[in-house]
Amino acid sequence: MQRYSIISLFRNAVTYHHHWREAWRSPDPKAAYDVIIIGGGGHGLASAYYLAKEHGIANVAVLEKGWIGGGNTGRNTTNVRSNYILEKNQRFYEFSLKLWEKLSADLNYNVMFSQRGVLITAHFDAQTQALLRRGNGMRVLGTDALLLNRAEVQRKVPALDFSATARFPITGAFLQPRAGVARHDAVAWGFARAADARGVDIIQNCEVTGIRVEHGRVIGVDTTRGHIAAGKVGIAVAGHTSHVAALAGLSLPIESHLLQAMVTEPIKPMLHVSLSFGAGHFYTSQTDKGELVMGGDLDGYNSYAQRGNLPMIEHVAAGAVTVMPCISRLRIMRHWAGIMDMTMDGSPIISKTPIEGLYLNGGWCYGGFKATPGSGWVFAYTIALDRPHELNAAFNLERFASGHTIDERGVGPYPALH
Ligand SMILES: Cc1cc2nc3c(=O)[nH]c(=O)nc-3n(C[C@H](O)[C@H](O)[C@H](O)COP(=O)(O)OP(=O)(O)OC[C@H]3O[C@@H](n4cnc5c(N)ncnc54)[C@H](O)[C@@H]3O)c2cc1C
């Protein structure tokens, strides 16, 4: 792998940048691999990287039906945080956050992780108490969490509505200072480049159309580029999890819903945290280009459409002008959607399956970007050793049958309410 550094930048600058090598190869698929990962999003690529790095298993292919990062990895609003209250979630996401803190150096690729803090505004006593409880739960486990009063919030985010006529007066806020945002496609590219350098084959435009199982054991996959044999197969396809698992005859407790996002025209720096409106469905952060990236709630009905619609723009814009009226004249420039793999308890599945050699990574709901390095790390562990790591032991498939669900939001089996 060509290392990126000030010296390589200088060398290439004097030769007019004609000699940069491709960041990763585009090999033809081999007839067989030790491990095949289906899905070239952040999770699939991270899993392949950690298989090679942590377990010395480099005879691995990542099969991606489109282009890497073209699914939810390249469509999300890039929030990275670990502000969960349930211990199993908290420990897992904090592990992931710690990997994020070293990721650019580890991958030798700048994923532009910016720890600017994630702030949730508080508007009512009951909500403040709930945020306080969440923060205390985090602090007990050693994670950073702060409760800000109104004056402190005003100093941190003066653009919010602190007027006497505010529809939802701000009483305080919850802040995780180490949380932040990262450049989403750089995460896919960084993992791809680092995995490729360790020998992993990344094969784009290769859709998996069948999973072959013999005597209860996976033996390979059928693809648009032919059959490929494999000792082990990992599924990491987010919104298409139900479809791909069905190829092996599995029926999962997952529904597919759309989550939309949009960006405004660029403006000067005015928002220095990632902000969530605590009284409605709206959250935003400002990109390095100056655009405000904004999102809201799920569409609320099942869909694979993968495109935005006008009612959601109105819904998100209503939240935006309620909490930050000063942005009401901004124009929305782009708008899109991703297909969310919603589980019935809002927590992910990183698990073995009833089929030997077949592993599942999915059910990320709308929160899987922040999990990318942690998810890849524990999924690689689970595939390599054929057993879960203690960090993902609870994220198994059986929990939905045994009743050991991990219901972070306390909303039960209703994805549309998560
Ligand atoms: C609008 C939006 C905002 C979000 N905001 C956040 C956020 O702020 N923070 C956060 O943590 N999370 C967020 N998320 C969620 C996050 O993006 C996802 O949970 C995460 O990116 C999932 O990564 P992945 O690698 O599992 O899936 P993906 O990136 O979707 O990758 C799966 C890949 O599998 C491929 N695939 C599917 N079927 C096949 C097949 N048959 N054969 C081969 N390949 C196949 C797809 O083409 C795709 O590239 C958001 C999502 C959306 C849509």
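The values are calculated or read from the model by the stated rules, or taken from the named source; none is laboratory data. From a predicted model like this one, the values you see are computed outputs, not experimental measurements. Using ideal geometry, Cβ is built from the backbone for each residue, glycine included, and neighbour counts are taken over all protein chains shown. SASA here: full protein model, heavy atoms, side chains in, ligands and nucleic acids out. Shrake-Rupley method; radii C 1.70, N 1.55, O 1.52, S 1.80 Å.
Let a ≥ b ≥ c be the square roots of the eigenvalues of the Cα gyration tensor of the stretch 134-197; is it rounded (a/c under 1.5), or, if not, prolate (a/b larger than b/c) or oblate? Don't jump to the answer; show the numbers that get you there.
Working: a/c = 4.27, a/b = 1.89, b/c = 2.26.
Cα axes put the stretch 134-197 in the oblate bin.
Quick one, what does Rg over Rh come out to for the chain if you take C-alpha atoms and the Kirkwood Rh?
Numbers: Rg = 21.6 Å, Rh = 22.1 Å.
Ratio of gyration radius to Kirkwood radius for the chain: 0.97.
Over the stretch 95-194, with every protein chain in place, what whole percent of the accessible area is carbon and sulfur at 1.4 Å, could you tell me? Kindly include the intermediate steps, with their values, before the conclusion.
On the way: 2470 of 4530 Å².
Ligands and nucleic acids excluded, carbon and sulfur give 55 percent.
GNM on the chain, C-alpha springs below 10 Å: top fluctuator among 14, 237, 35?
14
On a 0 to 90° scale, report how tilted helix 87-107 is relative to the longest principal axis of the chain, with both axes built from alpha carbons and the result rounded to the nearest 10.
Result, in degrees: 70.
For the residue pair residue 34 and residue 163, what label-to-label distance in nm results when each label sits 7 Å from Cα along the Cα-to-beta-carbon direction?
Placing both labels 7 Å beyond Cα along the Cβ direction yields 6.3 nm.
Could you rank the peptides 118-124, 138-144 by their average count of other C-beta atoms within 10 Å per residue, with the highest value first?
On the way: 118-124: 22.4, 138-144: 15.3.
Highest-to-lowest ranking by the protection proxy: 118-124, 138-144.
Can you give the accessible area per residue of the chain, in Å², using a 1.4 Å probe?
On the way: 18190 Å² over 418 residues.
Here the per-residue accessible area is 44 Å².
Springs between alpha-carbon atoms under 10 Å, Gaussian network over the chain: tell me which of 20, 364, 67 tops the mean-square fluctuations.
20
If you build a Gaussian network model of the chain, linking Cα atoms that sit under 10 Å apart, which residue out of 96, 82, 251 swings the most?
It is 251.
Would you pull out the residues with amide H under 5 Å of residue 33's amide H, same chain only if 5 or more places away, H placed 1.01 Å from N?
The answer is 229, 230, 231.
Taking a ≥ b ≥ c as the square roots of the Cα gyration tensor eigenvalues, with a/c under 1.5 meaning rounded and otherwise prolate when a/b beats b/c, else oblate, which class fits the stretch 1-108? Intermediate results must be reported in sequence, preceding the final value.
On the way: a/c = 1.93, a/b = 1.29, b/c = 1.50.
Oblate shape, in that a/c is at least 1.5 and b/c is the bigger or equal ratio.
How do 336-342, 146-152, 382-388 rank on mean C-beta neighbours within 10 Å, highest first?
Numbers: 336-342: 22.9, 146-152: 14.3, 382-388: 17.3.
Going by the mean number of other Cβ atoms within 10 Å, highest first, we get 336-342, 382-388, 146-152.
Hey, what do the phi angles of the stretch 335-341 turn into as Karplus ³J(HN,Hα) couplings, whole Hz, using 6.51/-1.76/1.60 and θ = phi - 60°, x for Gly and Pro?
Taking θ as phi minus 60°, the curve returns 7, 7, 8, x, 9, 8, 9 Hz for the stretch 335-341.
Under 26 Å Cα to Cα from residue 65, which lysines show up? Leave out anything in the same chain fewer than 8 places away.
Filter leaves 30, 53, 232, 352, 370.
Per residue of the chain, what 222 nm ellipticity follows from adding -39500 (n - 2.57) for every DSSP H run with n ≥ 4, rounded to the nearest 500? Please list the in-between numbers first.
On the way: 10 runs with 119 residues, N = 418.
Calculated from helices alone, the mean residue ellipticity at 222 nm is -9000 deg cm²/dmol.
Using θ = phi - 60° and the Karplus curve 6.51 cos²θ - 1.76 cosθ + 1.60, what whole-Hz ³J(HN,Hα) does each residue of the stretch 43-56 get, with Gly and Pro shown as x?
5, x, 5, 5, 4, 5, 4, 6, 4, 6, 6, 8, 10, x
Please go through the stretch 182-236 and write out the trypsin sites (Lys or Arg not before Pro) that DSSP classes as loop and that have at most 10 other C-beta atoms within 10 Å. Walk me through the intermediate numbers first.
Working: sites: 183, 193, 198, 212, 217, 225, 232; in loops: 183, 198, 225.
Sites meeting the loop and neighbour criteria: none at all.
Check the straight Cα-Cα distances from residue 268 and name the aspartates and glutamates below 13 Å, setting aside those fewer than 8 residues away within the same chain.
Partners found: 288, 291.
Could you state how much accessible area residue 365 has, in square angstrom rounded to the nearest 10, with a 1.4 Å probe and all protein chains kept in place?
10
Roll a 1.4 angstrom probe over the protein heavy atoms and tell me the percent of accessible area of the stretch 314-382 that is carbon or sulfur. Provide the component values of the computation, followed by the final result.
Details: 1180 of 2150 Å².
About 55 percent, which is the carbon plus sulfur part of the accessible surface.
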